[in-house]
Amino acid sequence: MNARFRVATVASLLLLIAIPTVGQTTSAQAVRTEGGCRLATRTTAGAPYSALQENTHSQTLADGTHIESKEQTYQFYRDSQGRQRTEMKQHYFAPTGEQVEFVRNIMIIDPVACVEYNLLVSEHVALRQTYAPNEMTPEEQSNAVKQQAHATPNELRHETSTERLGTDTIEGLAVEGKRITTTYPVGSLGNDRPIVVTNEIWRMSLEPKLIVLSKHSDPRLGETTERLTNFQPGEPAPTLFQVPSDYQIKDPPYK
């Protein structure tokens, strides 16, 4: 794998890890080290756990053909200090039609040491990124760019509403639900009719308040479901947040 592809891989994976809603938490206090490591904004301390997130996608084509497939699978681990490990598993269709799963990348975020690693499993290489105190993370940099974008005219702005769905039990966990509906008016995306996108989110009622189930429905793309399973409270093994001894650690610029 060449340097350009590796850098692109890091950026794309950071984006992918920021996107999944299942497994995210909002109420636990973020870890802060002396000097203020900004990686703490991407994870939280307290309520350690491990869990599996499965993403599936379904879509019905114009001719009525229905397609359903498993997209990514994420294995999450988080300790009481806010260290986080995410194993990203990809899927592909074998010639037999069976979906095959393999671990592609492992991301380790350590807000205590203020460092993150992208482990390229097939190459046994760990791409390391160390942050100085208060240095912006990629997500913060992206948000800053978005805030500088030109304002959208009022008549083309999308409208968002939120509906509370009450309480339920999913995967044996007490959850609270809400549905967020976003409507894009005619002409805002080149559309001649309004486009309605919905996000249904079910979050644990108690700490660590993870999102257990999320359904994203978009008429342009179909429906994506993210479900958290195998939730296990408790401290994961410390070795999960360390780079294996047989991996070569590389610092930027990656070559």
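The values are calculated or read from the model by the stated rules, or taken from the named source; none is laboratory data. Quick caveat, the model's predicted, so the values are computed rather than measured. Note that each Cβ is placed from the backbone with ideal geometry, even for glycine, and that neighbours are counted across all protein chains shown.
Every listed requirement among (1) at pLDDT below 95; (2) of a type in the set (S, T, N, Q); (3) within 30 Å of Ile249 (Cα to Cα) is met by Asn118 save one, (1). Considered as a group, the residues in the stretch 162-182 that are charged (D, E, K, R) and more than 21 Å from the chain's Cα centre (by Cα) include one that is surrounded by the most Cβ atoms within 10 Å (Cβ to Cβ), and that residue is Asp168. Sub-7 Å Cβ pairs linking a first residue in the stretch 59-82 that is within 21 Å of Asn230 (Cβ to Cβ) and part of a loop (DSSP other than H, G, I, E, B) to a second residue that is modelled with pLDDT of 95 or more and among the aromatic types (Phe, Trp, Tyr), at least 6 apart or interchain, are Asp79/Phe241, ordered by first then second residue.
For Ala47, state whether it is hydrophobic (A, V, I, L, M, F, W, C), over 17 Å from Tyr247 (Cα atoms), buried (at least 17 other Cβ atoms within 10 Å of the Cβ) and at pLDDT below 95. Yes: the conditions hold for Ala47.
In this structure, His66 does not qualify as surrounded by 13 or more Cβ atoms within 10 Å (Cβ to Cβ) and either closer than 26 Å to Gln232 by Cα or of a type outside the set (Ser, Thr, Tyr) (or both).
Would you be able to tell me the number of residues in the stretch 182-215 that are closer than 30 Å to Pro233 by Cα and part of a loop (DSSP other than H, G, I, E, B)? I'd like the intermediate steps shown before the answer.
Filtering the stretch 182-215 for residues closer than 30 Å to Pro233 by Cα gives 199-215.
Going one step further and asking which of them are part of a loop (DSSP other than H, G, I, E, B), we end up with 205-210.
Result for the stretch 182-215: 6.
Among the residues of the stretch 205-228, write down those that are hydrophobic (A, V, I, L, M, F, W, C) and either surrounded by 21 or more Cβ atoms within 10 Å (Cβ to Cβ) or within 16 Å of the chain's Cα centre (by Cα) (or both). Within the stretch 205-228, Leu210, Ile211, Val212, Leu213, Leu228 meet the criteria.
Report whether or not Thr56 is modelled with pLDDT of 95 or more and either surrounded by 16 or more Cβ atoms within 10 Å (Cβ to Cβ) or assigned to a strand (DSSP E or B) (or both). Please lay out each step first, then the result.
Values: modelled with pLDDT of 95 or more: no; either surrounded by 16 or more Cβ atoms within 10 Å (Cβ to Cβ) or assigned to a strand (DSSP E or B) (or both): yes.
Criteria not met by Thr56.
Checking Ala126, Ala113, Ala174 one by one, the residue that is within 30 Å of Gln242 (Cβ to Cβ), in contact with a strand residue (DSSP E or B) (Cβ under 9 Å, 6 or more places away or on another chain), at pLDDT 90 or above and in a strand (DSSP E or B) is Ala126 and no other.
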